[in-house]
Amino acid sequence: MKTLTFKKDGKWALGVKTERGVLDVKEAVHLLMADAEGIPETVDELILKGQKGKEALQRLADTEIASDDVFYREDSLTLGPCVVSPQKIICVGLNYKKHAEESNMALPETPILFSKFTNTLAGHLQEVRLPERSLQVDYEVELGLVIGKTARNVEVAEARNYVYGYCTANDLSARDLQFKTGQWLLGKTCDGFSPAGPYLVSDDEIEDPNRLPLKTVLNGSVRQDSNTSDMIFSCEEIISYISQHMTLYPGDLILTGTPEGVIMGEPEGERNWLKDGDEVTVEVEGLGQLTTIMRK
């Protein structure tokens, strides 16, 4: 199942991608009334209700609905991040072999973790402001994991059972702020610096998250082109490791790292950092394309 959020009456509404268009879940529930018991009406409810919630929503999406009024053209909507209120956004640094090499950094022996906050979330085609105090903003295509149930001290072999689904993400980074001190947080948490979406794709639709092509296209030019198979730590290893140190909750978002091809990896005199008007499109196979427009 592919879900998304879109702006309606000042809030993020839940939609399901279907052949007829984007199904407005709340409007469809109100239309069906008696047949709508147990159907989650927000993305938070969907994740919290687990398998039963997903099955109920799938039944709704499969229902023959006569009215076209509850279906919208996707390009007519203002899309939001595919998750809107994670308790935690946890990121993994230097998790691709070739990216560590282009950064002239040693391969990590354990996952390098840092955090972001909900102010960084952004949706497809959203304009994101370049920070006034940074001149070195970079892109990073990443596979996002969304936790589906409470996870603590999870074994690697069981880790995938705790995933609700996956999304395309862009870990935008202000490199001059990131390396201003030994802590990366400042350069990672500017407003809009975690575009995620447009879709949240349920786990059952992805055969192996550790073998997915992913890429970045900047103004029509391919800049990153790799595969999650180059990750140093697999999705399962990342979940297990984090859960050994803190409890993961439904809706938590994990960004699993970026491959080679970032601006920072280019020779120092040839780095053309993101500027006003740049369009950055990141994509993970099966999860959709996510475009961000940079603005002053």
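Of the residues making up region 15-24, one or more are among the acidic types (Asp, Glu), buried (at least 18 other Cβ atoms within 10 Å of the Cβ) and either modelled with pLDDT of 95 or more or in contact with a Ser or Thr (Cβ under 8 Å, 6 or more places away or on another chain) (or both). Condition first: more than 24 Å from Gln87 (Cα to Cα), among the charged types (D, E, K, R) and part of a loop (DSSP other than H, G, I, E, B). Now tell me which residues in region 113-155 satisfy that. Passing the criteria: Glu132, Arg133. Among the residues of region 129-156, those identified as touching a Cys at 6+ places or on another chain (Cβ under 9 Å) and under 26 Å from Gln244 (Cα atoms) are Glu142, Leu143, Gly144, Leu145, Val146. Residues that are more than 30 Å from Arg175 (Cα to Cα), without any contact (Cβ under 8 Å) to a residue 12 or more places away in the chain and more than 24 Å from the chain's Cα centre (by Cα) occur in region 63-78; there is at least one. Scanning region 147-164 for residues that are in contact with a helix residue (DSSP H, G or I) (Cβ under 7 Å, 6 or more places away or on another chain) and not aromatic (Phe, Trp, Tyr) gives Ile147, Gly148, Lys149, Ala151, Arg152, Asn153, Val154, Glu155, Val156, Ala159, Arg160, Val163.
Of the residues Ser202, Ser243, Ser229, the single one that is touching a residue at least 60 places away in the same chain (Cβ under 8 Å), over 25 Å from Asp75 (Cβ atoms) and either in the same structural domain as Val154 (by TED's automatic domain parsing) or of a type in the set (Val, Ile, Thr) (or both) is Ser243. When Gly123 is tested against the conditions (1) at pLDDT 95 or above; (2) small (Gly, Ala, Ser); (3) over 21 Å from the mean Cα position of the chain (by Cα); (4) crowded, with 17+ Cβ neighbours inside 10 Å, the lone failure is (3). Looking across region 181-229, the residues that are assigned to a loop (DSSP other than H, G, I, E, B) and hydroxyl-bearing (Ser, Thr, Tyr) come down to Thr181, Thr189, Tyr199. Looking only at residues that are among the hydrophobic types (A, V, I, L, M, F, W, C) and outside any strand (DSSP E or B) in region 252-294, which one is nearest to Thr216 (Cα to Cα)? Once the filter is applied, the top-ranked residue is Val262. Within region 58-110, being over 24 Å from Tyr166 (Cβ atoms), in contact with a Leu (Cβ under 9 Å, 6 or more places away or on another chain) and in a helix (DSSP H, G or I) holds for one residue alone: Glu101. The residues listed here are Gly50, Gly21, Gly38, Gly15; of these, the one that is under 18 Å from the mean Cα position of the chain (by Cα) and of a type in the set (Gly, Ala, Ser) is Gly15.
The values are calculated or read from the model by the stated rules, or taken from the named source; none is laboratory data. Since the structure is predicted, the reported quantities are computational estimates derived from the model, not experimental observations. Glycine gets a Cβ as well: all are built from the backbone with ideal geometry, and neighbour counts include every protein chain shown.
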